[in-house]
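Engineer: Supplied in structure tokens, the structure appears directly below.
The values are calculated or read from the model by the stated rules, or taken from the named source; none is laboratory data. Bear in mind the structure is a predicted one, so any value in this text is a computation, not a measurement. Quick reminder, even Gly has a Cβ in these numbers, built from the backbone with ideal geometry, and neighbours come from all protein chains shown. Protein only, heavy atoms only, side chains kept; ligands, DNA and RNA dropped before computing areas. Shrake-Rupley method; radii C 1.70, N 1.55, O 1.52, S 1.80 Å.
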Amino acid sequence: MGMTMTQKILAAHAGLDEVKPGQLIEAKIDMMLGNDITSPVAINEFEKAGFTSVFDKGKIALVMDHFAPNKDIKAAEQCKQSRAFARKYDLTHFYDVGEMGVEHTLLPEKGLVAPGEIVTGADSHTCTYGALGAFSTGVGSTDMAAVMATGKLWFKVPSAIKFNVTGKLQKWVSGKDVILHIIGMIGVDGALYKSMEFSGEGVKNLTIDDRLTICNMAIEAGGKNGVFPVDEVTRAYVDDRVQRPYEVFQADGDAEYDAVYDIDLGKIGLTVAFPHLPENARTFDQIGDVPIDQVVIGSCTNGKLADMAMAAEVMKGKKVARDVRCIVIPATPWVYRECMRLGYTDIFLDAGAVVSTPTCGPCLGGHMGILAAGERAVATTNRNFVGRMGHPTSEVYLAGPAVAAASAIAGKIAQPGD
């Protein structure tokens, strides 16, 4: 029996001819990622274990993106500890205020992820990089400590689910709607510890940004990882960023999948996930009058330039509703600059929105947009659990940038044209 794309990558990094689902392996890691919340825990474990060197100073990335610029003393201490560690071991990829961006947008943009590589990160949304044909997954901070010292990590080889993609997305519909549709279809545990592998003739109609968003939320279906095949779209993004050789892996024709789902992109409509789970997906024929208090456009899911462009197109010449706070967060300094160059920042400001420095802050209820009791937010983030963005009685509605922008203007959940 053949292997899936994920299984081939794992086998190659484990030095094995083949692997099977459920098999325990030890594999070499190409990049280890930590942020300002998870890195200090890993550093403590690294030092407690008595390690005195890192396996490769060029294969560890620390990104200060959750509470930076620091929101309080604890956040400042976390960044200080991470900064000291990076300087002590001369880490090549340390990103602090002025250079940092939302980690899962920053790493691909910087060329730190390539097809066929294994990337682990002490953050659950590390699965984002499967969009580039890599195996990427979130791990714990103790695992991060082990990787920083040894460059290796153990895995249980996942089985896989195949998504056969056809068709082309309608106007305003994006990768966010696709993944919300899928999670609504299979549930938040529908891909539990499985590889979500995408293929089919419709893949070519998904931009790299669509793919990054889809893989970003594989974890919200319980997935171990999400992964797309490497094609012309992938190469167009990667080849002018990645300055090292990389290997492309393809699933075997006789690879075994636990399930196969057909996804017609043309039949997916604008989708909103209602509280308090990403699987509570609804299209606009199922959405009534839902007034809102806040809109957040950004995060590792939808803070890319394409997301900013879509939001700006919806908001141009319009005003944010009087009682709505609209917070726009470009994911990286490059996205921020491009928003200014292309006039998107002026559109957002003219509409009455605020434009923030890159940060993960509001997504996890950290800062830059906390919700009070009973408040509702439409957010382009990836989780809407109870209390995720603030008070336990607040509500988060997940949507793509077009719906988020339209909702900010309407003062309620809305789609462009409402």
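Engineer: Tell me, rounded to the nearest percent, the portion of alpha carbon pairs in the stretch 244-398 spaced more than 21 Å apart.
Structural biologist: Cα-Cα pairs in the stretch 244-398 separated by more than 21 Å: 54 percent.
Engineer: Determine the calculated [θ] at 222 nm for the chain from helices alone, applying -39500 (n - 2.57) to every DSSP H run no shorter than 4 residues and normalising by the residue count; nearest 500 deg cm²/dmol. Present the calculation step by step, with values, prior to reporting the outcome.
Structural biologist: Details: 13 runs with 124 residues, N = 418.
For the chain, the value works out to -8500 deg cm²/dmol.
Engineer: How high is the relative contact order of the stretch 120-251, in percent, with contacts defined as C-alpha pairs under 8 Å that are six or more residues apart? Could the numbers behind the result be given before it?
Structural biologist: Details: 236 pairs, mean separation 44.6, N = 132.
Contact order relative to length: 34 percent.
Engineer: Can you list residues from other chains, or at least 5 along the same chain, whose modelled amide H is less than 5 Å from the amide H of Ala160?
Structural biologist: Ser195, Asp258
Engineer: Here's another thing I want to ask about it. When the chain is fully extended, how far beyond the present Cα-Cα distance does Asp285 get from Leu24, taking 0.36 nm per residue of separation?
Structural biologist: Between Asp285 and Leu24, full extension yields 89.4 nm more.
Engineer: Go through Lys57/Lys88; Lys57/Lys110; Lys71/Lys176; Lys20/Lys194; Lys110/Lys156 and tell me which ones have a Cα-Cα distance over 20 Å in this structure.
Structural biologist: Lys71/Lys176; Lys110/Lys156
Engineer: May I have the extent of the alpha carbons of the chain along their three principal axes, as whole Å values ordered from largest to smallest?
Structural biologist: Projected onto the principal axes, the Cα atoms of the chain cover 58, 51, 39 Å.
Engineer: Return one whole number: the accessible area per residue of the chain in Å², for a 1.4 Å probe.
Structural biologist: With the other protein chains kept in place, the chain gives 38 Å² per residue.
Engineer: Normalising by the residue count of the chain, find the relative contact order in percent from Cα pairs under 8 Å and 6+ residues apart.
Structural biologist: Relative contact order here is 17 percent.
Engineer: Ignoring ligands and nucleic acids, what accessible area does Tyr397 show with a 1.4 Å probe (Å², nearest 10)?
Structural biologist: 10
Engineer: Another question, if that's okay. Leaving out ligands, DNA and RNA, what percent of the accessible area of the chain is carbon and sulfur, probe 1.4 Å?
Structural biologist: Details: 7950 of 15940 Å².
Whole-percent figure for carbon plus sulfur exposure: 50.
Engineer: For the stretch 290-376, state the average projected area of the convex hull of the C-alpha atoms over all orientations, rounded to one decimal in nm². Show your work: numbers first, answer last.
Structural biologist: Details: hull surface 22.2 nm².
If I average the Cα hull's projected area over directions, I get 5.5 nm².
Engineer: Each residue of the stretch 171-186 in order: what ³J(HN,Hα) in whole Hz does its phi give by Karplus 6.51 cos²θ - 1.76 cosθ + 1.60, θ = phi - 60°, with x for Gly and Pro?
Structural biologist: Per-residue couplings from phi come out as 3, 6, 7, 9, x, 4, 5, 4, 6, 5, 4, 5, 5, x, 7, 9 Hz.
Engineer: GluC sites (Glu not before Pro), restricted to the stretch 77-177: which are DSSP loop and have at most 16 other Cβ atoms within 10 Å?
Structural biologist: Answer in residue order: Glu99.
Engineer: Short version: ³J(HN,Hα) in whole Hz for each residue of the stretch 53-68, in order, from phi by Karplus 6.51 cos²θ - 1.76 cosθ + 1.60 (θ = phi - 60°), x for Gly and Pro, what are they?
Structural biologist: Result, rounded to whole Hz: 8, 9, 5, 6, 5, x, 10, 10, 10, 10, 10, 8, 10, 8, 10, 10.
Engineer: How many nm separate the modelled label positions at Glu247 and Asp262, each set 7 Å beyond the Cα in the direction of the Cβ?
Structural biologist: 3.6
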